[in-house]
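Trainee: Just dropping this structure here.
The numbers here are math on the coordinates, done by the rules we state, and not lab data. Everything numeric here is computed off the predicted structure, so don't read it as measured data. Note that each Cβ is placed from the backbone with ideal geometry, even for glycine, and that neighbours are counted across all protein chains shown.
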Amino acid sequence: MDDRFLRRALELARLGQYTAPPNPAVGAVLVRDGRVLAEGFHARAGRPHAEAQVLRVGRAARGATLYVNLEPCCHVGRTPPCAERIIASGVRRVVASHPDPDPRVRGGGFDRLRSAGVEVTTGVLREEAQDLNPSFFKFLLTGTPWVTVKAATSVDGVMAPPGTRWITRPRSRRHGRVLRRENDAILTGIATVTADDPLLTPRPRRGSRPLLRVVLDPSLRISPRARVLRGLDRDPVLVVCAPGAPAAPRHRLESLGVEVVEATVDSAPASPSEGVTQPIALAAVLAEVARRGAHTLLVEAGPRLTSAFLQQGLADRLVLYLAPRFLGRAEGTGLFDATRAPAGGRRELPRVQPEPRSARYARLGPDLLADFRLAERRG
Ligand SMILES: NC(=O)c1ccc[n+]([C@@H]2O[C@H](COP(=O)([O-])OP(=O)(O)OC[C@H]3O[C@@H](n4cnc5c(N)ncnc54)[C@H](OP(=O)(O)O)[C@@H]3O)[C@@H](O)[C@H]2O)c1
Ligand SMILES: [Zn+2]
């Protein structure tokens, strides 16, 4: 019984999955005598929480059970705390999948409900509830953004064919731009900015949140005319350089309204390729991104950065667009070509592996989309 209504709450929560961030997606069902009295979900920040929506039934809530996928809040945010509303409504029992990892809550909502005599059951469909809001849980529990790595490749694994910009067809590219809308930040490398001159903006632009655009540019060789430096009032740009980067380009970027920060560098180059002299420490970059409030980061870069994120186990999700073409693989152009293979041996595997449990595949016109959750490799 509890399972059934909580499953429904999870289904409702999913309706707000793309609009609720940075808030979690939450759904609620109010039930009495096995009958559903009301259903609700949290649509976006500043709008009523799912619990508040179902409590609109007023007196009918007396003696009812409230099913919700996350612990009701007990802090005053943009809306009053749900725990207080639940107590005032006369709801007898609350069934919640998971405690809220937000340090302002973390069990405080349950404590408040129990102290007012409301029965609380928690832990039902706990894993499903975490899976629904992975970036919210990761960010609040670890302080690190949820990282999605996106890559387009040919059947023979080529990501960067010389002289060709597009590997996939327009439908996949549109899909990729929508992915930008679902993230708080996007990251690329200076080599991609130089080769492709991308804007890195979410599209359609209407209704999307501001996107923090991050460029890793150790020696500040970005052109002041790069398209990514446009539209700063809507989508700010952060350029991350290495210590000792020249001052002149830094001042020029800052005068354009671009933020420039220095990050630490890895002692040994992460890649044997000659361009990378001082690879920026990616964990330091993630900390800079988190400091600016971004919970989610999309990596949309060339093979070097793409493989670096995967190799170092810093990616949580991999979205691959596979085009039905052979492009001829040259050294340095494939997904993992940035890493060195021992003579006669295989390249070292990345620290993360796709999780078959949550893999999703779809056709996008002639292309194939493979969307994987990633997990630390065992053994
Ligand atoms: N198929 C796709 O999905 C896709 C997507 C984007 C781009 N691309 C293609 O990728 C090509 C560029 O690839 P790329 O691999 O050379 O570029 P990239 O991964 O976009 O950028 C690499 C650059 O980032 C800087 N960097 C700083 N810290 C780093 C670190 N820890 N590890 C690695 N790099 C670091 C280095 O700059 P310095 O050289 O100054 O040291 C390095 O050259 C272009 O041809 C572009 O068209 C393909
Ligand atoms: Zn609430």
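Trainee: In whole percent, what relative contact order does the chain give with Cα contacts below 8 Å and a gap of six or more residues? Provide the component values of the computation, followed by the final result.
Mentor: Details: 810 pairs, mean separation 54.5, N = 379.
The normalised contact order for the chain reaches 14 percent.
Trainee: Measuring from label point to label point, each 7 Å out along Cα→Cβ, what is the R351 to E127 span in nm?
Mentor: Label at R351, label at E127, 2.4 nm between them.
Trainee: How much FRET efficiency would the formula 1/(1 + (r/R0)^6) give for S255 and T164, where r is the Cβ-Cβ distance and R0 is 30 Å, rounded to 0.05?
Mentor: Values: r = 35 Å, r/R0 = 1.18.
Working from the Cβ atoms, E equals 0.25.
Trainee: In terms of modelled amide H atoms, which long-range or inter-chain residues lie less than 5 Å from the amide H of L37?
Mentor: Amide H neighbours of L37, under 5 Å, 5+ apart: L30, V31, R32.
Trainee: Still on this model: Run the dipole for the range 2-133 about the Cα centre, Lys and Arg Cβ at +1, Asp and Glu Cβ at -1, nothing else charged, and hand back the magnitude in debye, nearest 20.
Mentor: Working: 20 positive and 15 negative charges, 104 e Å.
That gives a dipole near 500 debye.
Trainee: Turning to a different aspect of this structure: Mind listing the long-range amide H neighbours of L212? Cut-off is under 5 Å, sequence gap 5 or more, other chains count too, H placed in the peptide plane at 1.01 Å from N.
Mentor: A185, I186
Trainee: Can you list the HN-Hα couplings for the range 286-298, worked out from phi with the Karplus curve (6.51, -1.76, 1.60; θ = phi - 60°), rounded to whole Hz and with x for Gly and Pro?
Mentor: 4, 5, 5, 5, 5, 4, 8, x, 7, 8, 10, 10, 9
Trainee: Could you give the length gained on full extension between R234 and D2, defined as 0.36 nm per residue of separation minus the Cα-Cα distance, in nm? Numbers along the way, then the final one.
Mentor: Details: separation 232, 0.36 × 232 = 83.52 nm, distance 4.44 nm.
Fully extending the segment from R234 to D2 adds 79.1 nm.
Trainee: Continuing with this model, one more query. For the chain, set up a GNM with springs between Cα atoms under 10 Å and report which of L216, L140, L256 has the largest fluctuation.
Mentor: L256
Trainee: If you take the Cα atoms of the range 2-133, find Rg, then find the Kirkwood Rh from the mean of 1/r over all pairs, what is Rg/Rh? Write out the running numbers ahead of the final one.
Mentor: Working: Rg = 12.8 Å, Rh = 14.0 Å.
On the Cα set of the range 2-133, Rg over Rh gives 0.91.
Trainee: Considering amide H positions built from the backbone, and no H for Pro or chain starts, which residues 5 or more places from V265, or on another chain, come under 5 Å of its amide H?
Mentor: Counting only residues 5 or more places away or on other chains, the set is A281.
Trainee: Using alpha carbon centroids, what distance separates the range 342-356 and the range 69-103, in Å?
Mentor: 45 Å
Trainee: If you keep only loop residues by DSSP, which trypsin sites (Lys or Arg not before Pro) in the range 1-74 have at most 14 other Cβ atoms within 10 Å of their Cβ?
Mentor: On the way: sites: R4, R7, R8, R14, R32, R35, R44, R56, R59, R62; in loops: R44, R62.
Passing both the DSSP loop test and the Cβ count: R44, R62.
Trainee: For the pair A248 and A359, how long in nm is the line joining their label points, each one 7 Å along Cα→Cβ?
Mentor: According to this spin-label approximation, the distance is 5.2 nm.
Trainee: While we're here: Mind checking which of T142, T122, T19 has the largest fluctuation in a GNM of the chain, springs on alpha carbons under 10 Å?
Mentor: Answer for the Gaussian network model of the chain: T142.
Trainee: Calculated FRET efficiency, R174 and R292, Cβ-Cβ r, R0 30 Å, to nearest 0.05? Numbers along the way, then the final one.
Mentor: Working: r = 27 Å, r/R0 = 0.91.
With R0 = 30 Å, the Cβ-Cβ based efficiency is 0.65.
Trainee: Taking a temperature of 37 °C and a viscosity of 0.692 mPa s, what whole-number D in µm²/s does Stokes-Einstein yield for the chain with Rh from Kirkwood over alpha carbon pairs? Please list the in-between numbers first.
Mentor: Values: Rh = 22.6 Å.
D = 145 µm²/s.
Trainee: Restricting to the chain, compute how many DSSP beta bridges are antiparallel as a %, nearest 5.
Mentor: On the way: 27 of 62 bridges.
Counting DSSP beta bridges with both partners in the chain, the antiparallel share is about 45 percent.
Trainee: May I ask for the longest run of the chain untouched by GluC sites (Glu not before Pro) that are loop-located per DSSP and have at most 13 neighbouring C-beta atoms (other than their own) within 10 Å? Walk me through the numbers on the way to the answer.
Mentor: Working: sites that count: E274, E331, E348.
Here the longest segment lacking exposed loop sites spans 1-273.
Trainee: If the viscosity is 0.692 mPa s and the temperature 37 °C, what translational diffusion coefficient in µm²/s does Stokes-Einstein give for the range 274-379 when Rh comes from Kirkwood over Cα pairs?
Mentor: Details: Rh = 15.7 Å.
Once the numbers are plugged in, D ends up at 210 µm²/s.
Trainee: Charges at C-beta only: +1 for Lys and Arg, -1 for Asp and Glu. How large is the resulting dipole of the chain about its Cα centre, in Debye rounded to 20? Each step should come with its number before you reach the end.
Mentor: Working: 58 positive and 38 negative charges, 247 e Å.
I would put it at about 1180 debye.
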